[in-house]
1. Could you give every pair whose Cβ atoms fall below 6 Å, whose first residue belongs to the range 27-54 and is within 14 Å of Ser84 (Cα to Cα), and whose second residue is outside any loop (DSSP other than H, G, I, E, B) and basic (Lys, Arg), counting only separations of at least 6 or pairs across chains?
2. Among Val83, Val70, which is without any contact (Cβ under 8 Å) to a residue 60 or more places away in the chain and touching a Gly at 6+ places or on another chain (Cβ under 6 Å)?
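Here, each number is a calculation from the coordinates, and none is a lab measurement. Being a predicted model, the structure only gives us computed values, none of them experimental. Neighbour counts run over all protein chains shown; Cβ positions are idealised from the backbone, glycine included.
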Amino acid sequence: MAEFSVVAEKDAPRPIRQTGRLAQRMREYEKYVESVQSGKIGKLSPAKGETPRGIALRVSRAGKRMHKSVNTWVVNGVVYFSVS
């Protein structure tokens, strides 16, 4: 079982901000989510080496970071998503 404790805010390490390739990929998916307006559906086709499930997960996480509800589904290896 995990060991839990409480520390003073001044004694806790600061969170590390994402940089580099990961931050770039996060911004890329946030742009996709921003681009889909009400009544429209986003469509992403995986590139070589990517999986539809991985893309759907990144789209969902981008929506959560942006405080938006994103619904994803996969048909024939293509990821579709709506934003509300």
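1. Filtered contacts from the range 27-54: no entries.
2. Val70
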